[in-house]
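The values are calculated or read from the model by the stated rules, or taken from the named source; none is laboratory data. No experiment lies behind these values; they were computed from the predicted model shown. So basically every Cβ, Gly included, is an ideal-geometry build from the backbone, and we count neighbours across all protein chains shown. Heavy atoms of the whole protein, side chains included, go into the accessibility calculation; ligands, DNA and RNA do not. Shrake-Rupley method; radii C 1.70, N 1.55, O 1.52, S 1.80 Å.
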2 protein chains.
Amino acid sequence: MIQTETSPTAEFDRDVALTPLDGPDEPVRRFSGHLPGGWSVGGGINGGFLLAMLGTAVRETVPDRPHPVAVAATYVGASTEGPAEVTARIVRRGTLTTVAAELAQDGAARITALATFSDLAGLTDEVGTTAVAPVLPPPEDCVATSDGPEEFLRIAPLVQRFEMRLTPRSIGWALGQPSGTGVLEGWFRLRDREPDPLMLLLACDAMPPVTFDLGRPGWAPTVQLTTHVRAVPAPGWLAMRQSTRNLAGGFFEEDCEIWDSAGRLVAQARQLARVPR
Amino acid sequence: MIQTETSPTAEFDRDVALTPLDGPDEPVRRFSGHLPGGWSVGGGINGGFLLAMLGTAVRETVPDRPHPVAVAATYVGASTEGPAEVTARIVRRGTLTTVAAELAQDGAARITALATFSDLAGLTDEVGTTAVAPVLPPPEDCVATSDGPEEFLRIAPLVQRFEMRLTPRSIGWALGQPSGTGVLEGWFRLRDREPDPLMLLLACDAMPPVTFDLGRPGWAPTVQLTTHVRAVPAPGWLAMRQSTRNLAGGFFEEDCEIWDSAGRLVAQARQLARVPR
C-alpha cells in the first residue's frame, strides 16, 4: 500500500527518525539516531540518506518551516552503520529559516550542512521552467537496479531500499558497455510511500555515480552536495536525470534533476565528487 | 599594469583584506573588515565580494590550503557599507580542509558558509570536460556594463570595480529588449590584477541577474550560492555564461560557468535566488 507522504510505517521514515535529546528551546538542539547498514553503499552510508536525516532534525527544530528549500552539505568523513548524533542550530528565522545542522559519529563530524527551510505550499503558482523533462521509456521497459550485477549488489545494499529503474541506455555499465556520455536517466520511488520534499533529499543522491557511465566504476565520494527543492512533488514515480560536464583534476561535478509525475522540475542537485580511483 | 594573482596594491585585494582579532590557535578565528560602498548593488553589498571576503578569512585560517574548491554560502541578511566581523572555525583538516565561516554586522549574521579549501596546484592534469566554452565576440565587440543605463549605474556602483563586457545579445535588457532566453554571456577581468581562485568567488556573482534577460529588472536576492573552483585560472580575460532553466514559485536557479583564457572551465556556480518583484 502506498501511503501519502510521510508515513511512520514506511521504512525510510522509520530509518531517518530521530530522538530529541533535549527540549525545543535549547540554542543547539541535539538528536540521536541510528544509521542502518541497509542504506550503505561502498562501505559508507548513502549521502542522500544522511541528508534526509539532517533534514529530519531541521524539521523538528523549525516545525513551522517543514520543507527543505536549499540544503548545502559538506561530507567531511564516511559514515558507517551505528549510532549517530545530530545537532541543529537556528542561524536566522524568517519566511526562509536557515539552520546549521551536523551529523557526528563517535564525536567526529561526518556531514555538516546549512539548510534553508520554508513552506513550499505557500509559494506562488507561477512556473516558467524552460528545462525539459527527460523522455524516458515507461518504468516496465527500464531495468531495476536491484537486478544489477552481483558485485554491484554486494557493495550496495542501498538499492534494495527503493525502486529505481534505469533506462536501457543508462545501464550499459552493468554489461561492461558504458555509453561514455556521462548521463544516467531513470525512475525512482519508494515502495511504501509517496514522495515528499524530505524524500527528495534522499533521491538526489540515490543514483549510481554518473562516472559509471564513463567507464569508471567504483565509489565516488561526495565532497559537497547542494540540493534545491522547488515544489511539493505529486504522487507517483519520479523521473531523474543525472549528468556530468566537468570531470577534471580528479574531481567531477554531478547534476541531478528530479521531475514529478505532473511534469514539474521539483528538485535540482549538484555535487562535487572525487573521480573513482 | 596587470599584476600576477593576488596583489596588495589591487583594489579588490585591499578591499577584501581582513585584520585578525586574535591568534592563529583559537578554535574560532575572528577577523575584522570593512565593506566598502563601492561594491554595493541595489543597496546591499555584492554577494560575490562577500564570498571572497569569507574566502580571505578561510585562507588566513588554513594557509596550507590556499584555494577554494567548494564554497556553499547562505545569505541570511543584506550586508551594507561599514564594518564587518568574520569568524572561521575548522570543521575538518585534510587534503580537503573544511571551514565554517560567517560574516556578521552589528552582531547579526549576514552570510554563513561552509568552505572546502585545498591546493589546486596539486591536482592531476587530467581534463575530461565535455562542457563547451561559450563562443563570444571579442571583448572589443562587446558592451561594457560600466556604460550601462544611468538608472542601472546608480544602483550598481559595483560595475565600476571591474571590467565586464556583455555580448550584444546579452545586453538587450539595457535597451528594453531582453532576449527572453535566460542567458547572459560576456567577459570579465579586474583592471589591476590577474584572476586567481579567490577572485573567482567574486566573479561567480558579478554578472547582472539572469532575470534581466527575461524582462524582469530589479534586484534578485541570493538565497544560497555554491561555487566550485576547479583550477587555477590562466592570466587574461575570463569568459562567462550565466543561465537559468527553472524559474518557478517566486525563485529561480542561476548557473554560472567561468572559463579562463586557456579554455579551461575553472569555476561552476549555482545559486537559488528570489525572482525580482
Residues within segment A:57-88 that are in a helix (DSSP H, G or I) and either open to solvent by 10 Å² or more (accessible area, probe 1.4 Å) or at pLDDT below 95 (or both), tallied: 3
Among the residues of segment A:125-139, which ones are away from every other protein chain (no Cβ under 14 Å) and free of Cβ contacts under 8 Å to residues at least 12 places away in the same chain? A:135, A:138
Condition test on residue B:150, is it in contact with a strand residue (DSSP E or B) (Cβ under 8 Å, 6 or more places away or on another chain), over 24 Å from residue B:267 (Cβ atoms) and more than 10 Å from every other protein chain (Cβ to nearest Cβ)? no
Examine segment A:32-50 for a residue that is crowded, with 19+ Cβ neighbours inside 10 Å, among the aromatic types (Phe, Trp, Tyr) and assigned to a strand (DSSP E or B), and state whether such a residue exists. no
Counting only residues that are free of Cβ contacts under 8 Å to residues at least 60 places away in the same chain and over 28 Å from residue A:115 (Cα atoms), which one in segment B:241-277 is surrounded by the fewest Cβ atoms within 10 Å (Cβ to Cβ)? B:262
Is it true that some residue in segment A:105-122 is farther than 30 Å from residue A:87 by Cα and in contact with a Gly (Cβ under 7 Å, 6 or more places away or on another chain)? no
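Going by the conditions given, is residue A:106 under 19 Å from residue A:16 (Cα atoms) and over 19 Å from the mean Cα position of the chain (by Cα)?
It is true that residue A:106 is under 19 Å from residue A:16 (Cα atoms) and over 19 Å from the mean Cα position of the chain (by Cα).
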Pull up segment A:182-197, narrow it to residues that are acidic (Asp, Glu) and surrounded by 19 or more Cβ atoms within 10 Å (Cβ to Cβ), then point me to the one that is farthest from the other protein chains (Cβ to nearest Cβ). A:194
Residues being assigned to a helix (DSSP H, G or I) and either open to solvent by less than 10 Å² (accessible area, probe 1.4 Å) or among the small types (Gly, Ala, Ser) (or both): count how many of those fall in segment A:206-216. 3
Flagged in segment B:109-124 as more than 7 Å from chain A (Cβ to nearest Cβ), open to solvent by less than 40 Å² (accessible area, probe 1.4 Å) and over 12 Å from residue B:64 (Cβ atoms), in numbering order, are B:111, B:113, B:115, B:120
Within segment A:127-168, tally of residues that are among the small types (Gly, Ala, Ser), open to solvent by less than 30 Å² (accessible area, probe 1.4 Å) and outside any loop (DSSP other than H, G, I, E, B): 1
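Any residue that is within 9 Å of chain B (Cβ to nearest Cβ), more than 18 Å from residue A:173 (Cα to Cα) and assigned to a loop (DSSP other than H, G, I, E, B) - is there at least one of those in segment A:198-205?
So far as segment A:198-205 goes, no, none of its residues is within 9 Å of chain B (Cβ to nearest Cβ), more than 18 Å from residue A:173 (Cα to Cα) and assigned to a loop (DSSP other than H, G, I, E, B).
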Output the number of the condition that residue A:187 fails; it satisfies all remaining conditions of (1) touching a Lys or Arg at 6+ places or on another chain (Cβ under 7 Å); (2) touching a residue at least 60 places away in the same chain (Cβ under 8 Å). (2)
Failed condition for residue A:219, given (1) touching a residue at least 40 places away in the same chain (Cβ under 8 Å); (2) buried (at least 23 other Cβ atoms within 10 Å of the Cβ); (3) farther than 29 Å from residue A:7 by Cα: (2)
Segment A:89-104 - residue that is part of a strand (DSSP E or B) and open to solvent by 10 Å² or more (accessible area, probe 1.4 Å) and, of those, nearest to the other protein chains (Cβ to nearest Cβ): A:92
Going through (1) part of a loop (DSSP other than H, G, I, E, B); (2) open to solvent by less than 40 Å² (accessible area, probe 1.4 Å); (3) within 14 Å of chain B (Cβ to nearest Cβ) one by one, residue A:179 fails only at (2)
Looking only at residues in segment B:254-277 that are in contact with a helix residue (DSSP H, G or I) (Cβ under 8 Å, 6 or more places away or on another chain) and outside any strand (DSSP E or B), which one is nearest to the other protein chains (Cβ to nearest Cβ)? B:275
